[in-house]
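Working notes, structure below.
The values are calculated or read from the model by the stated rules, or taken from the named source; none is laboratory data. Just so you know, these numbers come straight off a predicted model, no measurement behind them. Because the Cβ atoms are built from the backbone with ideal geometry, glycine has one as well, and the counts that use them run over all protein chains shown. For the accessible areas, the whole protein counts, side chains as well, though only heavy atoms, and no ligand, DNA or RNA atoms are used. Shrake-Rupley method; radii C 1.70, N 1.55, O 1.52, S 1.80 Å.
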Amino acid sequence: MRYLSLIIAGLFITACNSNPKSNTEAASEPTEIEEVAADIEETTETPTVKFKSKGIQTIYSAYEKLRDALVATDYETAKAFAKDLSEALKADESTWQQASIADGIMNAGDVEKARAVFSELNNSMESVFEGAIESGEINKCFCPMALDNEGASWFSTTKEIKNPYFGDKMLKCGMVKKTIK
């Protein structure tokens with residue numbers, strides 16, 4: 001019995017003398033989710049697409065930023081990138097219609113209305129991208145559940161689905177419907 005008491009006392013002293021991390025140290029360490037996200041970001045390749053025209057290249061770059069802001073459900077950032085996209089579209093006489101739609105995203109008022117206008121923009125962007133690619137490819141993705149099950153599309157250089165209509169609620173909902181080369 002005496003030995004058992006000594007063992008328990010020894011374990012207690014050892015446990016009490018261990019140097020646990022303080023709350024501030026623990027808070028500064030990344031969570032498991034943050035670590036997984038960082039790993040995915042480090043290992044995910046982002047294919048590039050090169051367009052024949054510098055103007056279309058600028059349009060697509062602005063489009064990607066707008067799409068990613070909608071994926072993140074960040075309306076304020078989406079408004080800023082919609083403005084950039086609108087300006088890039090207005091620089092090309094053949095894309096004024098799309099510029100007007102991008103203006104609609106800026107004036108939507110909230111992310112859900114912006115997503116509805118984004119769908120309209122995507123319906124008119126395929127003609128801008130098709131035949132304009134010098135190298136690489138763009139995937140036309142589609143979510144059948146977007147916009148109250150009407151379905152909506154978007155463009156991406158990756159086959160990985162990141163849904164701009166649902167954000168983190170249904171990030172992976174959708175499929176690649178077409179590849180534009």
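Do we have Thr158 as over 23 Å from Lys79 (Cα atoms) and loosely packed, with under 13 Cβ neighbours inside 10 Å here?
no
Suppose we filter region 141-150 for residues that are assigned to a loop (DSSP other than H, G, I, E, B) and surrounded by 15 or more Cβ atoms within 10 Å (Cβ to Cβ); how many remain? So that I can check it myself, show each step before the final result.
To start, the set of residues in region 141-150 that are assigned to a loop (DSSP other than H, G, I, E, B) comprises 144-145, 150.
With surrounded by 15 or more Cβ atoms within 10 Å (Cβ to Cβ) added as a condition, the list becomes 145.
Summing the residues that are assigned to a loop (DSSP other than H, G, I, E, B) and surrounded by 15 or more Cβ atoms within 10 Å (Cβ to Cβ) in region 141-150 gives 1.
Taking Asn163 as meeting all but one of (1) part of a loop (DSSP other than H, G, I, E, B); (2) farther than 20 Å from Ser61 by Cβ; (3) open to solvent by 10 Å² or more (accessible area, probe 1.4 Å), write down the number of the exception.
If we test Asn163 against (1) part of a loop (DSSP other than H, G, I, E, B); (2) farther than 20 Å from Ser61 by Cβ; (3) open to solvent by 10 Å² or more (accessible area, probe 1.4 Å), just (3) comes out false.
In region 97-121, how many are of a type in the set (S, T, N, Q), in a helix (DSSP H, G or I) and open to solvent by 40 Å² or more (accessible area, probe 1.4 Å)? Give the derivation first.
At the first step, the residues of region 97-121 found to be of a type in the set (S, T, N, Q) are 97-98, 100, 107, 119.
Pick out the ones that are also in a helix (DSSP H, G or I) and you get 97-98, 100, 119.
Okay, now just the ones that are also open to solvent by 40 Å² or more (accessible area, probe 1.4 Å), so 97, 100.
Residues meeting the conditions: 2.
Hey, which of the helices (runs of 4 or more DSSP H) in region 1-96, taking only ones fully inside, have at least 2 residues that are at pLDDT below 90 and surrounded by fewer than 16 Cβ atoms within 10 Å (Cβ to Cβ)?
Values: elements: 2-17, 23-28, 32-43, 54-71, 75-90.
Per the criteria, 2-17, 23-28, 32-43.
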